[in-house]
Amino acid sequence: MIVAEAWYSIPWVDWIGVTGFALTLLGLFVTWRQAKSAADSAEAARQAVTRTEAQIRSNQLLVLIPQLRWVAAELDAAIDGNESIWTRRYLDSWRWHASNIRGLLSVADSEQKKILRALQDSVSQAANAGDQLRSGKAPVSDATRLARTHIGRVCDHLTAWVSARATDTTIADSRSDSE
């Protein structure tokens, strides 16, 4: 038969073991809380990086899109002036700028998908028009007719995109929420 000892008669060495076990459980709880806090902080940091990247892309686009529109205006002037060499240069410039903007746009929504398709179509038509101008088989206005149409569509899409982003306050709101 086992006789139960009174709690006060347990040797001090055994009390150290009991206390150590309790402190171990407390340490595990504190470690778990810190790990959870670190995971929450890491997620918040990932979200902040994502927002910052989106803001940088948006700012770059807000600078590049007016440049693209300027190229389109100069292209129209070169076409109207029947200047084959300048038209080819502006077509090449359009292709470069449009491809750069296409690379910056993310495929997040259907409006951006439309813009990406329109950009790609305009780049293809600009390349075709440049090839026709190099061959010299067609007048400048005829060789660039399709390219001008596609470039005009892109300009319309991008103007609407810029207008929508100019009044977008979600990034500013998310910054003020976190402060």
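The values are calculated or read from the model by the stated rules, or taken from the named source; none is laboratory data. The structure displayed is predicted, hence computed values, not measured ones. All Cβ positions, glycine included, derive from the backbone under ideal geometry; neighbour counts span all protein chains shown.
Regarding residue 47, is this residue touching a residue at least 60 places away in the same chain (Cβ under 8 Å), in a helix (DSSP H, G or I) and more than 21 Å from residue 155 (Cβ to Cβ)?
Answer is no for this residue.
Consider residue 15 carefully, then state whether it is among the aromatic types (Phe, Trp, Tyr), surrounded by 10 or more Cβ atoms within 10 Å (Cβ to Cβ) and modelled with pLDDT under 85.
So residue 15 passes the test.
So is residue 74 under 26 Å from residue 138 (Cα atoms), in a helix (DSSP H, G or I) and acidic (Asp, Glu) or not?
Spelling it out, residue 74 is indeed under 26 Å from residue 138 (Cα atoms), in a helix (DSSP H, G or I) and acidic (Asp, Glu).
Could you tell me whether any residue of region 50-68 is touching a residue at least 24 places away in the same chain (Cβ under 8 Å), more than 18 Å from the chain's Cα centre (by Cα) and surrounded by 14 or more Cβ atoms within 10 Å (Cβ to Cβ)?
Yes; the residues of region 50-68 include at least one that is touching a residue at least 24 places away in the same chain (Cβ under 8 Å), more than 18 Å from the chain's Cα centre (by Cα) and surrounded by 14 or more Cβ atoms within 10 Å (Cβ to Cβ).
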